[in-house]
């Protein structure tokens with residue numbers, strides 16, 4: 001997921017995507033805890049995507065305050 005793609009989405013769409021990624025992160029943790037051992041790079045991908053979305057939501061909030 002690229003930041004440029006995320007910037008084109010509305011705030012509501014970003015919040016939905018964030019919820020989806022948090023669920024995926026939870027499911028990955030549960031799989032690791034039960035011994036299924038998902039691919040390690042998936043943890044990093046989800047974590048970075050969550051950070052990207054939170055950054056863009058912050059940017060949109062700051063732009064809304066200034067406007």
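What follows draws every value from the coordinates through simple rules; no lab data is involved. Keep in mind that what you see is a predicted model, and the values were worked out from it rather than measured. Don't worry about glycine lacking a Cβ; one is built from the backbone with ideal geometry, like all the others, and counts go over all protein chains shown.
Find how much the distance from residue 27 to residue 62 grows on full extension, using 0.36 nm per residue of separation minus their present alpha carbon separation; answer in nm with one decimal.
9.4 nm
Relative contact order for the chain: what percent, with Cα pairs under 8 Å and sequence separation of 6 or more?
Values: 28 pairs, mean separation 31.1, N = 67.
Answer for the chain is 46 percent.
How many nm is it between the label spots at residue 45 and residue 9, if each spot is 7 Å from the Cα in line with the beta carbon?
1.5 nm
Hey, what D do you get for the chain in µm²/s if you plug the Kirkwood alpha-carbon radius into Stokes-Einstein at 20 °C and 1.002 mPa s? Don't skip to the end; give the middle numbers.
Working: Rh = 13.0 Å.
Calculated translational D: 165 µm²/s.
For the chain, what is the mean residue ellipticity at 222 nm derived from helices alone (per DSSP H run of n ≥ 4: -39500 (n - 2.57); sum divided by total residues; nearest 500 deg cm²/dmol)? Provide the component values of the computation, followed by the final result.
Numbers: 3 runs with 55 residues, N = 67.
Roughly -28000 deg cm²/dmol at 222 nm, from the helical runs in the chain.
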